[in-house]
Amino acid sequence: MKFSIQRELLLQPLQQVIGVVERRHTMPMLANILLRCEGSNVTMTATDLEVELKATVDIKPDNNEAVTLPARKLLDICRALPDDTRIEVSVSQGKAGIRAARSRFVLATLSAEDFPALDNIQSKNKIIVTEAQLRHLLDHTAFAMAQQDVRYYLNGLLLHIDHGLLRAVTTDGHRLAMCELNTEIESQDTHQVIIPRKGIHELQRLLGDTDKELGIGLSANHIRVNFQRLCFTSKLIDGQFPDYDRVIPKNNNKTVFVDRNAFRHALIRTAILSSEKYRGVRLTLKESSMMLQAHNPDQEEAEEEVEIDYDGEPLEIGFNVSYLLDVLNALDTDNVEITFKDPNSSALLRSPISNQALYVVMPMRL
């Protein structure tokens, strides 16, 4: 194998795929990246057996071969080289030689035949979205995924295809986030898949805010997202996601409208003196005002008052302040609509001008 490439053309795809390379691994091969020369391009593939990233570069290698190299060492070499450097890569006798200007490196290789490949995907559903749309879906919901929950199906994001609607839902049992958009879907069937947490975080890292179209393919066990020169593939979580529609409050009869930024900053200040373990804050609703209160085991207290649009009955209710802040950080509107029922029922938060995203937060006893 032998090819020559400009530093920047090699560095960009390496940075794209490096996210799935495990720093701590049980298989030496998982620390490597697969370089495959075929025809007029070179593909670079990295995997952790759950997520696979494959980037393509248009260059003309001398022959069609494949080899695996230490991923992070190759990336560090490329980063350390000066801009606009021409890099020559050649492989022979189990070693990879890298030359650039006056620099020379020799890396150990492993056989490409032993590199683990994800199964070939036969997509049953095909979805077309833009990068910005998919990023919007994930950014508005990913924060509510569970972390290492024994209910493994909560450690990911539900993608629900429902008659032309693409809906993302996450929950950790204490809160729920949901966002949806209308999109172009080949199949009009109802279909649900659960994408694991790491796959979602990798997608968020890769997605931009452009109008470039992406193709999303779904099979029984995998999801594949095709970028222009990058292919993301992830295994799916095999499990039954909870019936999220039952969790969304339908009978909340107390409605509050509040300035998002004023509420957010008041929560941040109040949280300073909340209990580090429980992170609880008490909201006391009265006509046109909301009092925020927090205290901790050291008998310290914080109190903030926020102006609101509310003319209902007085109500006291407690929440984990981190859950409320996560929602307010995800929403991108000036005002927030919050509906309540009683101190023991979940609150529903959303934008007053759009039903695209909604959030459910369970109360806590203080």
Original post:
Within the set of pairs 6 or more residues apart or between chains, which connect a residue that is in a helix (DSSP H, G or I) inside the range 264-283 to a residue that is at pLDDT below 95 with Cβ atoms less than 7 Å apart?
Top reply: ALA271/ARG279
Original post:
Do we have ALA46 as of a type in the set (Gly, Ala, Ser), free of Cβ contacts under 8 Å to residues at least 40 places away in the same chain, assigned to a strand (DSSP E or B) and closer than 18 Å to PHE115 by Cβ here?
Top reply: yes
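Looking only at the range 55-96, filter to residues that are assigned to a strand (DSSP E or B) and more than 21 Å from ASN41 (Cβ to Cβ); which one of those is least open to solvent (accessible area, probe 1.4 Å)? Show your work before the answer.
First, pick out the residues of the range 55-96 that are assigned to a strand (DSSP E or B): 55-58, 66-70, 86-92, 95-96.
With the extra rule that they be more than 21 Å from ASN41 (Cβ to Cβ), the set shrinks to 70, 92, 95.
Numbers: PRO70: 24, SER92: 77, LYS95: 103 Å².
Residue satisfying both the conditions and the ranking: PRO70.
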**OP:** State whether the residues of the range 35-43 include one that is more than 30 Å from LYS235 (Cα to Cα) and assigned to a loop (DSSP other than H, G, I, E, B).
**Re:** no
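Can you confirm whether GLU22 is in contact with a Ser or Thr (Cβ under 8 Å, 6 or more places away or on another chain), open to solvent by 40 Å² or more (accessible area, probe 1.4 Å) and under 23 Å from PRO196 (Cβ atoms)? Give the steps one after another, and end with the answer.
Working: in contact with a Ser or Thr (Cβ under 8 Å, 6 or more places away or on another chain): no; open to solvent by 40 Å² or more (accessible area, probe 1.4 Å): yes; under 23 Å from PRO196 (Cβ atoms): yes.
Judged against the criteria, GLU22 is not a match.
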**OP:** Within the range 164-179, identify whether any single residue is in contact with a strand residue (DSSP E or B) (Cβ under 7 Å, 6 or more places away or on another chain), surrounded by fewer than 20 Cβ atoms within 10 Å (Cβ to Cβ) and hydroxyl-bearing (Ser, Thr, Tyr), and answer yes or no.
**Re:** no
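Quick one: in the range 97-114, which of the residues that are charged (D, E, K, R) and under 21 Å from ASP62 (Cβ atoms) is surrounded by the fewest Cβ atoms within 10 Å (Cβ to Cβ)? Can you show your working first?
Narrowing the range 97-114 to residues charged (D, E, K, R): 99, 102, 104, 113-114.
Then keep just the ones that are under 21 Å from ASP62 (Cβ atoms); that gives 99, 104, 113.
Details: ARG99: 15, ARG104: 10, GLU113: 7.
Out of the qualifying residues, it is GLU113.
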**OP:** Give just the number: which of (1) modelled with pLDDT of 95 or more; (2) closer than 17 Å to PHE263 by Cα; (3) under 26 Å from the mean Cα position of the chain (by Cα) does MET362 not satisfy?
**Re:** (2)
Original post:
Within the range 120-178, restricting attention to residues that are among the small types (Gly, Ala, Ser) and assigned to a helix (DSSP H, G or I), which residue is nearest to LEU236 (Cα to Cα)?
Top reply: ALA142
Subject >> Extreme residue, least open to solvent (accessible area, probe 1.4 Å), among residues of the range 307-350 that are assigned to a loop (DSSP other than H, G, I, E, B), free of Cβ contacts under 8 Å to residues at least 40 places away in the same chain and in contact with a strand residue (DSSP E or B) (Cβ under 7 Å, 6 or more places away or on another chain) >> reply: PRO343
**OP:** Please name all residue pairs, on different chains or six or more residues apart, with Cβ atoms under 8 Å, provided the first residue is in the range 233-255 and is over 13 Å from THR171 (Cβ atoms) and the second residue is part of a loop (DSSP other than H, G, I, E, B) and of a type in the set (S, T, N, Q).
**Re:** LYS235/ASN221; LEU236/ASN221; ILE237/ASN155; ASP238/ASN221; PRO249/SER345; PRO249/SER346; ASN252/SER345
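The values are calculated or read from the model by the stated rules, or taken from the named source; none is laboratory data. All values derive from a computational prediction rather than experimental measurement. Glycine also receives a Cβ, built like all others from the backbone with ideal geometry; neighbour counts cover every protein chain displayed. Accessible surface is based on the protein model in full, side chains and every heavy atom, while ligands, DNA and RNA are left aside. Shrake-Rupley method; radii C 1.70, N 1.55, O 1.52, S 1.80 Å.
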